[in-house]
1. Taking the residues in the range 1-19 that are under 13 Å from the mean Cα position of the chain (by Cα) and not in a strand (DSSP E or B) as candidates, determine which candidate is surrounded by the fewest Cβ atoms within 10 Å (Cβ to Cβ).
2. Could you identify the single residue in A60, A22 that is small (G, A, S) and surrounded by fewer than 16 Cβ atoms within 10 Å (Cβ to Cβ)?
3. Please enumerate the residues belonging to the range 10-31 that are in contact with a Phe, Trp or Tyr (Cβ under 6 Å, 6 or more places away or on another chain) and not aliphatic (A, V, I, L, M).
4. Residues in the range 64-73: is at least one among the hydrophobic types (A, V, I, L, M, F, W, C), farther than 21 Å from N14 by Cα and part of a strand (DSSP E or B)?
5. Any residue that is in a helix (DSSP H, G or I) and of a type in the set (D, E, K, R) - is there at least one of those in the range 25-46?
6. Just wondering, is there one or more residues in the range 42-64 that are in contact with a helix residue (DSSP H, G or I) (Cβ under 9 Å, 6 or more places away or on another chain) and at positive phi?
7. Return the residues of the range 25-52 that are within 22 Å of A2 (Cβ to Cβ) and loosely packed, with under 11 Cβ neighbours inside 10 Å; say none if nothing qualifies.
Amino acid sequence: MAVIIRFSRIGKKNRPYWRIVAVDSRKKRDGACLEDLGTYDPLKHVAIQLHKDRIQNWIAKGAECSPAVVKLLKAHASATQGS
């Protein structure tokens, strides 16, 4: 089973809100996930909740991140480095 870490939309119409999930790559975007890894609000451009230890655990097991999640993780890492 190929696992990918990607976004799953849970927001309303014209009010996007994304959940970061680990999911089988063959599943639908908003289908059943293996684990919830965090949330992201694109209107505020902030990761509300991010479980870095669980994300690193899935990557160590062979999961791949989508380009959007990689971009979010880099932005979050640089924001926490600057503080």
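A short reminder: the numbers here are calculations on the coordinates, not readings from a lab. Model, not experiment: these values are computed from the prediction. For neighbour counting, all protein chains shown are included, and Cβ atoms are generated from backbone atoms with ideal geometry for every residue, glycine included.
1. Once the filter is applied, the top-ranked residue is I10.
2. A60
3. Of everything in the range 10-31, those that are in contact with a Phe, Trp or Tyr (Cβ under 6 Å, 6 or more places away or on another chain) and not aliphatic (A, V, I, L, M) turn out to be G11, W18.
4. Yes, the range 64-73 contains at least one residue that is among the hydrophobic types (A, V, I, L, M, F, W, C), farther than 21 Å from N14 by Cα and part of a strand (DSSP E or B).
5. Scanning the range 25-46 turns up no residue that is in a helix (DSSP H, G or I) and of a type in the set (D, E, K, R).
6. Yes, the range 42-64 contains a residue that is in contact with a helix residue (DSSP H, G or I) (Cβ under 9 Å, 6 or more places away or on another chain) and at positive phi.
7. Correct list: R26, K28, R29, A32.
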